[in-house]
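Colleague: Take this structure, written in structure tokens, and hold onto it; I'll ask about it next.
The values are calculated or read from the model by the stated rules, or taken from the named source; none is laboratory data. What you are looking at is a predicted structure, and each value in this text was computed from that prediction instead of being measured. Please note: Cβ atoms are built from the backbone with ideal geometry, for glycine as well, and neighbour counts cover all protein chains shown. These area figures cover heavy atoms from the full protein model, side chains too; ligands, DNA and RNA do not enter into them. Shrake-Rupley method; radii C 1.70, N 1.55, O 1.52, S 1.80 Å.
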Amino acid sequence: MTAATASAKNALLTWPRPASPDPAGQPLLEFRQVSKIYGTGTAAMRALDGVDLRIGPGEFVAVMGPSGSGKSTAMNILGCLDTPSAGSYLFRGVAVETLSHDQRARLRRHYLGFVFQGFNLLNRTSALENVELPLIYRRAPRTERHARARAALAQVGLTGWEGHTPGELSGGQQQRVAIARAIVTEPSLLLADEPTGNLDTARSHEVMELLVGLNRDQGITVLMVTHEAEMAAYAHRIIHFRDGRVADDGHAGGPV
Amino acid sequence: MLWNALLLAFREIRRNVLRSFLTILGVVIGVASVIVMVTLGNGATRAVATQIESMGSNLLMIRKGQHMGPGQTSSAPAFDLEDTVALERDIPAIKSLAPSATDSITAVVGNASWATSVNGTDNRFFSVRNWTLERGRLFSASELSGGRAACVIGATVRKELFGPQDPIGSNLRLKQISCEVIGLLAGKGQSSMGHDQDDLVVMPLRTFQRRIAGNQDVTLIQVSIRDGESTERAKTDIERLLRERRKVAAGEQDNFSVRDMKEVATMLTGTTQVLTTLLSAVAAVSLLVGGIGIMNIMLVSVTERTREIGIRLAIGALEREVLMQFLVEAVALSSLGGVLGILLALGASIGLADILKVPFVFNGGIVLTAFLFSAAVGVIFGYFPARRAARLDPIEALRRE
């Protein structure tokens with residue numbers, strides 16, 4: 001490892017996050033010949049097959065493709081939840097596969113926000129406490145946690161709903177709580193796995209408007225998996241996966 | 001972080017109040033039984049010690065024959081009053097001694113009768129055995145020398161024969177003699193062996209010998225030793241003197257026994273302590289079983305909360321933070337069990353001590369030990385489920401419904 005990458009790695013893992021913004025002109029995320037193989041021998045399954053990909057800071061990318069195309073595997077690796085079997089995944093120039101389990105957890109804690117199809121909120125826990133959760137792992141003081149969580153909920157339009165538990169909220173509201181939880185840490189990258197998959201059309205458009213706003217106003221890079229072309233159309237760029245490869249990588253026309 | 005984990009643990013416990021309670025029940029019972037056993041055991045030990053003290057400190061009991069087991073003595077000649085005179089004269093360590101002869105006789109008053117132990121002795125008996133008078137008087141010199149039928153009775157005899165009436169001045173029939181009650185002894189309660197010490201009638205030795213036993217025998221000599229003198233030394237001196245007087249040949253076994261009540265006390269308290277330890281050990285096993293109960297529920301909890309763990313790991317919780325969370329929860333559960341167990345034990349020991357008539361002896365040490373032990377149970381049995389939670393793969397965990 002060269003001195004430059006070592007210092008980049010240190011910068012990535014120190015907290016508080018360095019004040020410098022995400023490097024312009026340089027990719028935020030980069031796949032270099034990334035493969036992911038499950039199983040061994042004849043039963044081996046190539047989920048990703050030598051994928052090259054570069055995503056710059058501030059992009060809004062939709063990831064599409066049929067099930068089994070490798071898009072979920074790619075998202076897991078991009079979310080630092082998994083590592084490639086071969087090739088390299090660079091996050092801000094640092095090879096994620098060289099990081100330890102704990103280092104990847106810290107990276108997720110400091111740079112990433114997750115939104116899931118099934119919302120994945122903690123049951124019987126108030127919206128405010130759900131949003132505070134990532135801040136607890138950052139050791140934020142109680143008053144700061146409350147303030148930031150309230151601000152994040154306000155940003156997703158849920159002022160006044162802080163004390164409600166997921167069971168008392170509609171699907172659209174639950175997803176907005178999940179988005180508030182993802183952005184409360186001011187992440188560089190927001191990973192959304194079919195965020196509108198469980199919502200009706202009207203709620204889906206509300207959630208998309210919210211993501212577009214976050215991308216536009218706060219410069220958060222958004223990576224979203226979706227099945228619906230209508231939702232993918234909100235993105236600047238659509239990547240199609242097929243059989244473990246990138247089949248198509250093009251720019252969309254923007255919001256419909 | 002620890003504070004947060006603690007808050008989270010208590011929230012989880014509150015969410016499943018019934019389940020949490022059932023989970024910790026094993027620890028509650030384990031902790032409570034250990035404390036109750038130790039507390040009652042200590043109470044019993046204290047009771048034995050107090051009772052033996054009440055018999056008289058520095059007390060030696062000289063009996064004829066050798067003690068052969070429960071209620072059996074080898075046949076041997078009895079003592080006589082000259083033996084007691086010789087003991088007092090030749091052994092300076094003796095403060096006081098009381099010769100006595102005893103028999104079990106049914107006492108009758110009107111329609112009431114009661115089988116009791118009748119003691120022929122003199123006034124020194126009361127001082128040697130630490131008896132105090134509740135009412136009436138002890139024997140006069142003329143009663144002792146004249147062999148008059150006067151008697152001092154214990155609290156139990158009074159209760160059985162006279163009820164609430166004042167017994168002083170009434171008459172008591174013992175076999176063919178009628179005996180005037182002149183004194184009532186203050187109650188001492190049960191002895192360590194369950195023997196009622198207050199169940200006795202005392203009369204002058206001469207009266208007993210002439211009118212009940214029909215001989216001059218002294219069957220028991222109770223000796224109190226001066227403060228500061230060694231009871232061991234006094235015991236050896238007494239043995240040497242009696243062997244000489246009773247013409248026991250060298251190499252032959254004593255045909256009498258000298259018992260130091262302190263030895264008996266040590267032996268008895270030793271026995272109760274061994275029993276206490278044994279019972280506590282059995283109780284400690286139930287603590288272990290309680291720990292397994294906690295492990296079981298923690299494993300169920302990890303399975304149930306797989307998705308929650310996945311979320312926590314995805315948003316950046318470290319493995320050791322998840323481990324800590326579940327470990328803290330297990331320890332909070334088991335400590336809560338410990339606290340409930342301590343409260344239950346204190347209530348139960350106070351109640352049981354009352355029923356079993358042993359003093360309630362509070363032992364802060366065992367309460368603290370039991371609490372720490374219960375917390376340790378949480379750490380030991382919580383570690384495995386906690387590690388299981390921490391090692392979950394976030395991708396798998398999030399996919400789980």
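Colleague: How much length is gained if the chain between A:Arg216 and A:Ser67 is pulled fully straight, taking 0.36 nm per residue apart and subtracting their Cα-Cα distance, in nm to one decimal? Before the final figure, lay out the partial values.
Modeller: Numbers: separation 149, 0.36 × 149 = 53.64 nm, distance 2.97 nm.
Stretched out fully, the A:Arg216 to A:Ser67 stretch lengthens by 50.7 nm.
Colleague: What is the log10 of I(q)/I(0) for segment B:97-226, computed with the Debye formula using one identical point scatterer on each Cα and no solvent, at q = 0.09, 0.11, 0.14, 0.17 Å⁻¹?
Modeller: Computed log10 I(q)/I(0) values: -0.22, -0.33, -0.55, -0.84.
Colleague: Which whole-number value in Å² is the accessible area per residue of segment B:277-401, probe 1.4 Å?
Modeller: 47 Å²
Colleague: To one decimal place, what Kirkwood hydrodynamic radius in Å is obtained for segment B:316-388 from all pairs of distinct Cα atoms? Write out the running numbers ahead of the final one.
Modeller: On the way: mean 1/r = 0.0721 Å⁻¹.
Hydrodynamic radius (Kirkwood, Cα only) of segment B:316-388 equals 13.9 Å.
Colleague: For segment A:27-251, give the percent of accessible area contributed by carbon and sulfur heavy atoms, probe 1.4 Å, rounded to a whole number.
Modeller: Working: 4000 of 8500 Å².
Reported share for carbon and sulfur atoms: 47 percent.
Colleague: Something else: Please list, in chain and number order, the residues 5+ apart from A:Arg237 or on another chain whose amide H is under 5 Å from its amide H, with Hs placed from the backbone.
Modeller: A:Phe60, A:Ala62, A:Ala252
Colleague: Nearest 10 degrees, 0 to 90: what angle lies between the long axis of helix B:261-304 and the longest principal axis of chain B (Cα atoms)?
Modeller: With both axes taken from Cα atoms, the answer is about 20 degrees.
Colleague: Going 7 Å from the Cα of B:Lys159 in the Cα-to-Cβ direction, what parts of segment B:118-135 have a backbone nitrogen less than 16 Å from that spot?
Modeller: B:134
Colleague: Dividing the alpha-carbon Rg of segment B:103-152 by 2.2 N^0.38 Å yields what? Each step should come with its number before you reach the end.
Modeller: On the way: Rg = 12.5 Å, N = 50, 2.2 N^0.38 = 9.7 Å.
With N residues counted in segment B:103-152, Rg over 2.2 N^0.38 Å equals 1.28.
Colleague: Additional query: Enumerate the amide H contacts of B:Gly65 below 5 Å, restricted to partners 5 or more residues apart or on another chain; note that Pro and chain-start residues carry no placed amide H.
Modeller: B:Phe256, B:Ser257
Colleague: Using DSSP to call loops (not H, G, I, E or B), can you name the trypsin sites (Lys or Arg not before Pro) in segment B:304-401 whose Cβ has at most 15 other Cβ atoms within 10 angstrom?
Modeller: Numbers: sites: B:Arg305, B:Arg307, B:Arg312, B:Arg320, B:Lys357, B:Arg387, B:Arg388, B:Arg391, B:Arg399, B:Arg400; in loops: B:Arg305, B:Lys357, B:Arg391, B:Arg400.
Loop-located and lightly packed - B:Lys357, B:Arg391, B:Arg400.
Colleague: Per-residue ellipticity at 222 nm for the protein assembly as shown, helices alone: DSSP H runs ≥ 4 residues times -39500 (n - 2.57), over residue total, nearest 500 deg cm²/dmol?
Modeller: It lands at -15500 deg cm²/dmol.
Colleague: For chain B, what does the equivalent ellipsoid look like in terms of its semi-axes, each the square root of 5 times an eigenvalue of the Cα gyration tensor, given largest first in whole Å?
Modeller: Values: eigenvalues 908, 113, 45 Å².
Three semi-axes, in Å: 67, 24, 15.
Colleague: Next up: Please list, by residue number, every one of the trypsin sites (Lys or Arg not before Pro) in segment B:76-140 that is coil in DSSP and has at most 15 other beta-carbon atoms within 10 Å.
Modeller: On the way: sites: B:Arg89, B:Lys95, B:Arg124, B:Arg129, B:Arg135, B:Arg137; in loops: B:Arg129, B:Arg137.
In loop regions of segment B:76-140 (DSSP not H, G, I, E or B), the sparsely surrounded trypsin sites (Lys or Arg not before Pro) are B:Arg137.
Colleague: When only alpha-carbon atoms are used, what values of Rg and Dmax, in angstrom, describe segment A:192-256?
Modeller: 11.9, 35
Colleague: Would you kindly calculate the mean projected area, averaged across all directions, of the convex hull enclosing the Cα atoms of segment A:159-226, in square nanometres?
Modeller: 4.7 nm²
Colleague: On to the next question. Treating the angle as unsigned and between 0 and 90°, give the value, to the nearest 10°, between the Cα long axis of helix B:81-90 and the longest Cα principal axis of chain B.
Modeller: Relative to chain B, helix B:81-90 is tipped by roughly 70 degrees.
Colleague: Residues with amide H under 5 Å of B:Leu392's amide H, sequence separation 5 or more or different chain, H placed in the peptide plane at 1.01 Å from N; which?
Modeller: HN-HN under 5 Å from B:Leu392: empty list.
Colleague: Now, a different point. Taking the alpha carbon gyration tensor of segment A:27-251, what are the square roots of 5 times its eigenvalues, largest first, to the nearest whole Å?
Modeller: Details: eigenvalues 176, 79, 50 Å².
In descending order the semi-axes read 30, 20, 16 Å.
Colleague: Continuing with the same structure: So what is the diffusion coefficient of segment B:202-330 in µm² per second by Stokes-Einstein at 37 °C and 0.692 mPa s, using a Kirkwood Rh over Cα pairs? Walk me through the numbers on the way to the answer.
Modeller: Details: Rh = 22.7 Å.
It diffuses with D of about 145 µm²/s by this estimate.
Colleague: For segment B:266-401, take the convex hull of the Cα atoms, compute a quarter of its surface area, and give me that in nm², please.
Modeller: On the way: hull surface 39.6 nm².
About 9.9 nm², averaged over all directions.
Colleague: Can you find, among B:Ala5, B:Ser54, B:Gly43, the residue farthest towards the positive end of the dipole of segment B:1-132? Put +1 on the C-beta of Lys and Arg, -1 on that of Asp and Glu.
Modeller: With unit charges placed on the Cβ atoms, the residue in question is B:Ala5.
Colleague: On to the next question. Once the Cα atoms of segment A:120-256 are picked out, what are the Rg and Dmax in Å?
Modeller: 15.7, 49
Colleague: Here is a further query. What ranking, highest mean first, results for peptides A:224-231, A:168-175 when packing means the other Cβ atoms within 10 Å averaged over each residue? Write down the numbers at each step before the final one.
Modeller: On the way: A:224-231: 19.4, A:168-175: 17.9.
The peptides rank, most packed first, as A:224-231, A:168-175.
Colleague: Report, to the nearest whole %, how much of the accessible area of chain B belongs to carbon and sulfur atoms, 1.4 Å probe, protein only.
Modeller: C and S atoms contribute 59 percent here.
Colleague: Ok, one more. Give me the dipole magnitude in Debye, nearest 20, for segment A:27-251 about the Cα centre, with unit charges on the beta carbon: positive for Lys and Arg, negative for Asp and Glu.
Modeller: Working: 24 positive and 24 negative charges, 152 e Å.
Computed about the Cα centre, the dipole is about 720 debye.
Colleague: For segment B:359-401, what percent of Cα pairs sit more than 17 Å apart? Don't skip to the end; give the middle numbers.
Modeller: On the way: 525 of 903 pairs.
When all Cα pairs of segment B:359-401 are counted, 58 percent exceed 17 Å.
Colleague: Mind checking the log10 I(q)/I(0) for segment A:66-164 at q = 0.17 Å⁻¹? Debye, one equal scatterer per Cα, no solvent, two decimals.
Modeller: Log10 of I(q)/I(0), two decimals: -0.90.
Colleague: Taking the C-alpha atoms of the protein assembly as shown, how large are the radius of gyration and the largest Cα-Cα span, Dmax, in Å?
Modeller: Both quantities, over Cα of the protein assembly as shown: 44.2, 133 Å.
Colleague: At a probe radius of 1.4 Å, figure out the A/B buried accessible area, summed over both chains, and give it in Å² to the nearest 100. It would help to have the intermediate numbers written out before the result.
Modeller: Values: alone 11790 and 20330 Å², together 29800 Å².
It comes to approximately 2300 Å² buried between A and B.
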